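Pasting a structure below so you can have a look.
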Amino acid sequence: MNREVGFFNFSINKILTKDQTILDQARIRLLYYGLWLAMIALSAVLINIFLEHQYVLGISTSILLLSIVILFKYLTFRPRWGIISHILLVLATMVNLCSVFIILQHVDILTAQLIVLIVVFSFYMLGQTCGLFYSLVNLIPVLLFLILEYDNNYIIALKPKIIDESTLIIAVFANFILIIFIQNHFYTAFVKSIQQLKETAEARGELNIEFEKAIEKTEKSSQAKSEFLSTMSHEIRTPLNAVIGMSNLLMMGNPRPDQKENLDILKFSANNLLALVNDVLDFNKIESGKVVFENIKFNLVELMQNICGGQILKAEEKGLEFKCDMDDSLKSKVVFGDPTRLTQIIFNLISNAIKFTHEGNVWVKVTTLEDRHNTVTINFLVKDTGIGIEKENLDIIFEPFTQESITTTRQYGGTGLGLAIVKRLLELQGLQMSVSSHPGKGSEFSFHMEFPVSTEKVAEQVEKQPPAGIDSLGNMRVLIAEDNLVNVMLMKKLFSKWGITPTIAENGERAIEMVQYGNFDIILMDLQMPILNGFDAATEIRKMRDPKKASIPIIALTASALFDIKERVFSSGMNDYVSKPFKPEELREKMQNLVGIPG
């Protein structure tokens, strides 16, 4: 309803609104023009009745005309078509029954027309239920009257009125006009409704096509973004590998104190850049829904000791006291879960705590909340005495690329992805992070996680015996498949520190040839190489007829960040995976474990 319509409005355009359906607008138009026609017809009938001096009929017709005028005014002021329709039908029913039983005491063509009008109007305006009700209310009494009249049983004291021919003609003509108008009007409205439905269906079909195209475009865009990030990560990690690798080599060469200070700064900056790249890639992987959680056995105490062991040095460099408390009941337990993702969560929380704490302590606590023999619920808590977080900013800090304030970003740096990654990883496992913080006093982050507990006894690891002829790292025969000259130079320098002279293959095809005609204890395989990549090269090596050559340990070395890289590495037959830039100690340890040389 248009609220701007005034009492003296007579225009139909002001009572029609866009929020009305085609059918409702048709009903309002029918009432508007139908009432006009009724007023004209009743005026003509009234004039003729007074000319014929039929005053009783004239009074009743005048009352009916006045009622129609009032309803028309009400319609143009407040277009409540349902109420108006009911009032009109009640009036028509009263006119019909009064004319049949009292005024005319006869059923003629006018009665039939009036019943048809009531039936058509009630069904079109008010629907099936009201249509049946008004139809039966008018039809049944008329049929009863006809039965009584047929048996000559109808007797009433009032003398029936007789309508002259001219009044009858005018009334019949007006009724036919109204019936034709109602039928024509609603037929047009129904045709328009069907046409609109067809147009809507066609528009929806086109919209669905556009939507499918948009989805396809989005998927392609997402794939392109992932491929771009992978490519860029490879391009960034490759020179970073050289920078960090050379820094490690120079540090191993007993540099002067001033040189060591410069190398520390260089290594620190390169590691920071690597951390930023890793954050962006990890977050992209999580947001793309490519994260698959492992369910493998691991010792939680050992995992936490490894995580905290790497962070203690950072804390001590800042003069912070670092505590890591583990529940004694966990020392004898082996649990199932994803140690990699758990490490990522705890590492980010501890790194943040150290980063935003100037003095005081950082406390990591792992507590058993509930031990049900086959499952254990554990609470992980990381607490600090750092700068704290304002209460209104507690939700903001978990948003990607967001820190508490611009000042925080400028002062402490970072991408603002650490906590976002933690939150997403927990949410993917159906877990929630709890945060308690007071500005200037510190923060506390905690979450619960349930682990299935292994009931099997951990088998004692049998120490691998080195192959004949290998009693030290220097005797190891290593084949390196690598096409980047800087990386080749770096690997040669690094291996020379270990007393190893590696053999170099510039692509996958050359690596296969060297394995066929040479003898090697281990292969370090770059994955992205010309002619033949590392995956295909590893697959071909595993197909060799000589079982000794086909089972040579292969470690994948790559700067790629494709989501399925780990799965592809193992499915192609390689034994392990080291991401560039790698830590020399990590590579050395994996090589020793695969070849069987004691560390």
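How high is the relative contact order of the chain, in percent, counting Cα pairs under 8 Å that sit 6 or more residues apart?
Across the chain, relative contact order equals 10 percent.
Could you tell me the ratio Rg/Rh of segment 473-595? Both radii from Cα atoms, Rh via Kirkwood.
Answer for segment 473-595: 0.92.
How would you rank 251-258, 371-378, 499-506, highest first, on the average number of other Cβ atoms within 10 Å across their residues?
Ranked from most to least packed, the peptides come out as 499-506, 371-378, 251-258.
Under the rule that a partner needs its Cβ under 4.7 Å from the first Cβ, which Cys of the chain have none?
Result for the chain is Cys98, Cys130, no neighbouring Cys Cβ within the cutoff.
Enumerate the amide H contacts of Glu321 below 5 Å, restricted to partners 5 or more residues apart or on another chain; note that Pro and chain-start residues carry no placed amide H.
Gly360, Asn361, Val362
Taking θ = phi - 60°, what integer Hz values does the Karplus form 6.51 cos²θ - 1.76 cosθ + 1.60 yield along segment 378-392, in sequence order, with x for Gly and Pro?
My calculation for segment 378-392 gives 10, 9, 9, 10, 10, 10, 9, 10, x, 6, x, 9, 5, 4, 6 Hz in order.
For segment 1-83, what number results from the quotient of the Cα radius of gyration and 2.2 N^0.38 Å?
1.29
So, one more: Mind checking the angle between helix 257-287 and the chain's longest principal axis? C-alpha axes, 0 to 90 degrees, to the nearest 10.
The angle comes out at about 30 degrees.
Let me ask something else about it. Provide the gained length on full extension for the span Leu168 to Phe347, in nm with one decimal, where the gain is 0.36 nm per separating residue minus the Cα-Cα distance.
54.7 nm
In addition: Starting at the first residue of segment 57-74, write each ³J(HN,Hα) from the Karplus equation 6.51 cos²θ - 1.76 cosθ + 1.60 with θ = phi - 60°, in whole Hz, x for Gly and Pro.
Couplings: 5, x, 5, 5, 5, 5, 4, 5, 4, 4, 4, 5, 4, 4, 5, 5, 5, 4 Hz.
Please arrange Phe535, Phe336 by how many other C-beta atoms lie within 10 Å of their C-beta, fewest to most.
Going from sparsest to densest Cβ surroundings: Phe336, Phe535.
Give Lys549/Lys590; Lys314/Lys583; Lys260/Lys355; Lys297/Lys566; Lys355/Lys497 a once-over and call out the pairs whose C-alpha atoms are over 28 Å from each other.
In this structure, Lys355/Lys497 lie more than 28 Å apart at Cα.
Now for a different question. Suppose R0 equals 41 Å. What FRET efficiency, 1/(1 + (r/R0)^6) with r the Cβ-Cβ distance, do Glu513 and Phe293 give to the nearest 0.05?
Between Glu513 and Phe293 the formula returns 0.50.
Please order Phe445, Phe133 by the number of other Cβ within 10 Å, starting at the fewest.
Arranged by neighbour count, lowest to highest, Phe445, Phe133 become Phe133, Phe445.
Do the sum for the chain: with -39,500 (n - 2.57) for every DSSP H run of n ≥ 4, divided by all residues, what is the mean residue ellipticity at 222 nm, to the nearest 500 deg cm²/dmol?
Here the helix-only value at 222 nm equals -19500 deg cm²/dmol.
In whole angstrom, how long is each semi-axis of the equivalent ellipsoid of the chain, when you take the square root of 5 times every eigenvalue of its Cα gyration tensor and sort them from largest down?
93, 29, 24
Next question. By counting other Cβ atoms within 10 Å of each Cβ, how are Ser62, Ser571 ranked from fewest to most?
Ordered from fewest to most neighbouring Cβ atoms within 10 Å, Ser62, Ser571 come out as Ser571, Ser62.
Next question, about the same structure. Compute the angle between helix 418-428 and the longest alpha-carbon principal axis of the chain, please, reported from 0 to 90 degrees and rounded to the nearest 10.
60 degrees
If you don't mind, there's one more thing I want to ask. When N is the residue count of segment 22-207, what does its C-alpha Rg come to as a fraction of 2.2 N^0.38 Å?
1.18
Right, next: Can you tell me which lysines have their Cα less than 26 Å from the Cα of Lys217? Leave out same-chain residues fewer than eight positions away.
Lys225, Lys285, Lys290
Can you list residues from other chains, or at least 5 along the same chain, whose modelled amide H is less than 5 Å from the amide H of Thr375?
Answer set, sorted by chain and number: Val453.
R0 = 51 Å: FRET efficiency of Ile70 with Phe211, Cβ-based, nearest 0.05?
0.50
I want to make sure I understand the PRE zone here: with the label point 7 angstrom from the Cα of Val90 toward its beta carbon, which residues in segment 114-154 have backbone N atoms less than 19 Å away?
The answer is 118-119, 121-123, 125-127, 129-139.
Every read-out reported here was derived from the displayed coordinates using simple, explicitly stated rules and does not represent laboratory data. Since the model is a prediction, treat every value here as computed from it, not as a measurement. We place every Cβ from the backbone using ideal geometry, glycine too, and count neighbours over all the protein chains shown.
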